[in-house]
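What follows is calculated from the coordinates using simple rules that are stated; it is not laboratory data. As the structure is a prediction and not an experimental result, all values here were calculated from the model. Cβ sites come from the backbone with ideal geometry, for glycine too, and all protein chains shown count toward neighbours.
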Amino acid sequence: MVKDWERARAYTLEYLNAMPADKYSYRPNDSIRSFAEQMLHLAIADAGMTMIGTGVQDPKVAGILFSRNLEKATSAQSRDSVVYFVTTSYDYVINTLKNLSDLKSDEVITQQMPAAVRSEPRLVWLLKAFEHQTHHRGQCTIYIRMQGVRPPAEKLF
C-alpha cells in the first residue's frame, strides 16, 4: 500500500502543478467544488479515513486539516496552501502505513459519516481512502483540460 500511496502523492502533485496558480478558484459549474476545494476535500477525507482505518490519530495533522472548514477557508485556496494541505495529508497516510505494526485488518470500525453511519473492517477504510483520492484527482482532469492544459499522464505503476 505504501508504494501505491507514494505514487498517488507524486501523481497528485503533478496535478497541483499542472493547474495554473491563478486558476485554483476555477469551477466548471457554479454548483460544484472549485479545483482548490476538490483537492482540499481529497486531503481532509483521506487523512480522516486513514485515522479511522488505522486507529492512529495524529493531533497535529487533525489540527491542520480538521480544525476549521478548510475546504471553504479563503486562506486555504491558494496554490501554496493547497499544496501544503495535500502534502500534509499524503505524508500522514504514508508515514502511518510505514509505521503500522499490526492493522487487525478484519476488525470492524463503526463511524458516523456525513451521509450515514458506516461499519467496515479497517482494511476497507484504507481501501476507500485510496479510492476516494483517485476519484477526486480524476475529477480534476476536466478542470485542468478546461484551462487548455494537458493533464499529467496516467501513473499506473
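Divide by every residue of the chain the summed helix terms, -39500 (n - 2.57) for each DSSP H run of at least 4, and state the resulting mean residue ellipticity at 222 nm, rounded to the nearest 500 deg cm²/dmol.
Working: 5 runs with 89 residues, N = 157.
Theoretical 222 nm ellipticity from helices: -19000 deg cm²/dmol.
I'd like the FRET efficiency for H132 and D22, computed as 1/(1 + (r/R0)^6) with the beta carbon distance as r and R0 of 35 Å, rounded to 0.05.
Values: r = 27 Å, r/R0 = 0.78.
Efficiency, rounded to the nearest 0.05: 0.80.
Say each of N99 and K60 gets a label point 7 Å from the Cα, pointing the same way as Cα to Cβ; how far apart are those two points in nm?
0.9 nm
7 Å from Cα along Cα→Cβ at both R68 and E107: what's the point-to-point distance in nm?
3.5 nm
Hey, fewest Cβ within 10 Å first, where do T74, T54, T88 land in order? Display every interim value, and only then the final one.
Numbers: T74 7, T54 20, T88 17.
Neighbour counts put them in this order, fewest first: T74, T88, T54.
Which residues make up the longest stretch of the chain that has no trypsin sites (Lys or Arg not before Pro) in a DSSP loop with at most 14 other Cβ atoms within 10 Å?
Details: sites that count: R68, K104, K155.
Result, exposed sites excluded: 1-67.
Over the chain, what is the mean sequence separation of C-alpha contacts under 8 Å (at least six apart), divided by residue count, expressed as relative contact order in percent?
On the way: 182 pairs, mean separation 57.1, N = 157.
That works out to 36 percent.
Please report the net charge: other residues with Cβ closer than 13 Å to the Cβ of F35, K and R +1, D and E -1. Before the final figure, lay out the partial values.
Details: positive: K23, R27, R33, R79, R137, R145; negative: D22, E37, E71.
Local net charge: +3.
What is the angle, in °, between the Cα long axis of helix 35-54 and the longest principal axis of the Cα atoms in the chain? Nearest 10 is fine, range 0 to 90.
Relative to the chain, helix 35-54 is tipped by roughly 10 degrees.
Ignoring GluC sites (Glu not before Pro) that are buried or in helix or strand per DSSP, and keeping those with at most 13 other beta carbon atoms within 10 Å, what is the longest stretch of the chain between them?
Details: sites that count: E107, E154.
Longest site-free region, per DSSP loop and neighbour criteria: 1-106.
Stokes-Einstein at 37 °C, 0.692 mPa s, Kirkwood radius from Cα pairs: D for region 2-145 in µm² s⁻¹? Before the final figure, lay out each step's value.
Working: Rh = 15.5 Å.
Roughly 211 µm²/s, to the nearest whole number.
Quick check: from the Cα gyration tensor, does region 90-148 come out rounded (a/c under 1.5), prolate or oblate? Please list the in-between numbers first.
Numbers: a/c = 3.56, a/b = 1.67, b/c = 2.13.
Oblate is the answer for region 90-148, as a/c is 1.5 or above yet b/c matches or exceeds a/b.
Give me the angle, in degrees from 0 to 90, between the Cα long axis of helix 79-98 and the longest principal axis of the Cα atoms of the chain, rounded to the nearest 10.
It is inclined by approximately 20 degrees.
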